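Okay, structure first, notes after.
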Amino acid sequence: MKRAAILGTGSCLPKRTLTNAELEKMVETSDEWITVRTGIKERRIAGAGEETSKLASGAARKAMAMAGVGAEEIGLIIVGTMTCEKVMPSCACLVQKEIGAVNAFALDINAACSGFLYGMDVAEKYIKADPALKVLVIGAENLSARTNWEDRSTCILFGDGAGAVVMGGGEGERGILGSRLFADGSLWHLLHMDAAPSLNPDLVPVDYHGPFIRMAGQEVFKYAVRAMQDGVVKVLAQEDVAPESVKLVIPHQANIRILNSLTGRLGISAEKIYINVHKYGNTSAASMPIALDEANREGRLQPGDLVLFCAFGGGFTWGAAVMRW
Ligand code: ACO
């Protein structure tokens, strides 16, 4: 049976860069504090015409061009997002219209920062059932629209962007060997974002503070490291893959200290962990496909390489996948 492989990658970032120096003028912080605590130097902030669905469509077009797959050939569009400009229809439907994928059905996945990983897993199941199917899996976010710009403990972390892949039946050994996904909804309160204000006064939460991201940073940090490690250990054991045979790790780009702690625990050397968090901050569901696209275009991936993906996000949600490139 053919495995589900990645046939092309793409990404799309907003034009405007917001540096740490600019943030110093907005809240009481410093470039040094942000750099030491997070590794982030700058992030992209969307402007007019760079709504989540537009960034998603831009990334999708690049992935389709690399794959040599036309919009009419796409049978399914999956978008991992929690910040689309519309609640209804889905971001995936807006992308379908924007790129002209008239033969695709379309759905969003809200698994926060794990959205792209969850999306790849769903795509894999459809492709295994029909290896001729071509699936667009996208991670896209406008986190700047849901950031409290007066809260220095969160506003320094996030950025906007989108990444995409075209998936389909792979030749030979290419494709996803296996994946493991997890969730623990009992910990939702450690990292969450309320919806826009309810128009039904009886349904306004008593502790409503506004529709932006709230986070218990140190708790999230600890869970993120442990959970991603657990996901990686389980998927490598499941597929009988030795950590040292992994050629490249594409982790969710949360912050550099989480990635450094994770690296120390995985038994995989640091130079195999792809990092671009310094340029884009944490772009949630978009971070893995953006990192994958950059690594791919830099020539970091060769046919036959084993690539490891791992993510953690609000929910909590987390998991890992291993793929032969
Ligand atoms: N600039 C300067 N000082 C700050 C800032 C800031 N931007 N933010 C907080 N501080 C202050 C705090 O007020 C506190 O001051 P105090 O000691 O006088 O009370 C001090 O710095 C230490 O605050 P902590 O919250 O303890 O700082 P910590 O070392 O935990 O770092 C951080 C905060 C970076 C958020 C860290 O907890 C972290 O990385 N958590 C993971 C969160 C994360 O990545 N979330 C993303 C979503 S989940 C995901 O993608 C995996």
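For the range 103-178, applying the loop criterion from DSSP together with a ceiling of 15 other beta carbons within 10 Å to the chymotrypsin sites (Phe, Trp or Tyr not before Pro) yields 149. Once the Cα-Cα distance is subtracted from the 0.36 nm per residue extended length, the residue 204 to residue 65 segment shows a gain of 45.5 nm. Between the range 252-325 and the range 148-198, the alpha-carbon centres lie 12 Å apart. Kindly identify the range 91-134 as rounded, prolate or oblate by the Cα gyration tensor criterion: order the square roots of the eigenvalues as a ≥ b ≥ c, call it rounded if a/c is under 1.5, otherwise compare a/b with b/c, prolate if a/b is larger, else oblate. Note, shape of the range 91-134 comes out oblate.
Along the axis of the charge dipole computed for the chain (Cβ charges of +1 for Lys and Arg, -1 for Asp and Glu, origin at the Cα centre), the listed residues 266, 198, 101 are led at the positive end by 266.
By the rule of a second cysteine Cβ within less than 4.7 angstrom, the chain holds isolated cysteines at 12, 93, 113, 155, 310. Checking the cross-link pairs 86/247; 41/62; 41/97; 234/279; 62/279 against a 28 Å limit on the alpha carbon distance flags 86/247; 41/97; 234/279 as lying beyond it. Modelled label positions at residue 222 and residue 102, each set 7 Å beyond Cα in the direction of Cβ, lie 5.6 nm from each other. The relative contact order of the range 176-324, computed from alpha carbon pairs under 8 Å that lie at least 6 residues apart in sequence, is 38 percent. Counting only protein heavy atoms, what percent of the accessible surface of the range 4-172 is carbon or sulfur at a 1.4 Å probe? It is 53 percent, rounded to a whole number. Would you please give the FRET efficiency between residue 32 and residue 182, computed as 1/(1 + (r/R0)^6) with r the Cβ-Cβ distance and R0 = 35 Å, to the nearest 0.05? Approximately 0.50, to the nearest 0.05. Accessible area per residue was computed with a 1.4 Å probe on protein heavy atoms; residue 167 scores about 0 Å².
Where does each of 271, 141, 50 land when they are ordered by accessible area, with a 1.4 Å probe and the largest first?
So the residues, ranked largest to smallest area, are 271, 50, 141.
The calculated FRET efficiency for residue 171 paired with residue 242, based on their beta-carbon distance and R0 = 25 Å, is about 0.55. Short-range pairs are left out: with C-alpha atoms under 8 Å and at least six residues apart, the relative contact order of the chain is 25 percent. Accessible surface for residue 184 stands near 50 Å², nearest 10, in the context of the full protein assembly shown (1.4 Å probe).
Remark: relative contact order (the range 4-172) = 34 percent; criterion is Cα-Cα distance under 8 angstrom and separation of 6 or more residues. For residue 302 and residue 196, the difference between the fully extended length at 0.36 nm per residue and the C-alpha to C-alpha distance is 33.7 nm. Each Lys and Arg contributes +1 and each Asp and Glu -1, all at the Cβ; summed about the Cα centre of the chain, the dipole is approximately 540 debye.
For the chain, the solvent-accessible area of protein heavy atoms averages 42 Å² per residue (probe radius 1.4 Å; ligands and nucleic acids excluded).
Of the trypsin sites (Lys or Arg not before Pro) found in the range 1-64, those that fall in a DSSP loop while having at most 10 other beta-carbon atoms within 10 Å are 15, 25.
The values are calculated or read from the model by the stated rules, or taken from the named source; none is laboratory data. Just so you know, these numbers come straight off a predicted model, no measurement behind them. Counting neighbours? That spans all protein chains shown, and the Cβs are built from the backbone with ideal geometry, glycine included. Keep in mind that these areas ignore ligands, DNA and RNA; they rest on the heavy atoms of the full protein, side chains included. Shrake-Rupley method; radii C 1.70, N 1.55, O 1.52, S 1.80 Å.
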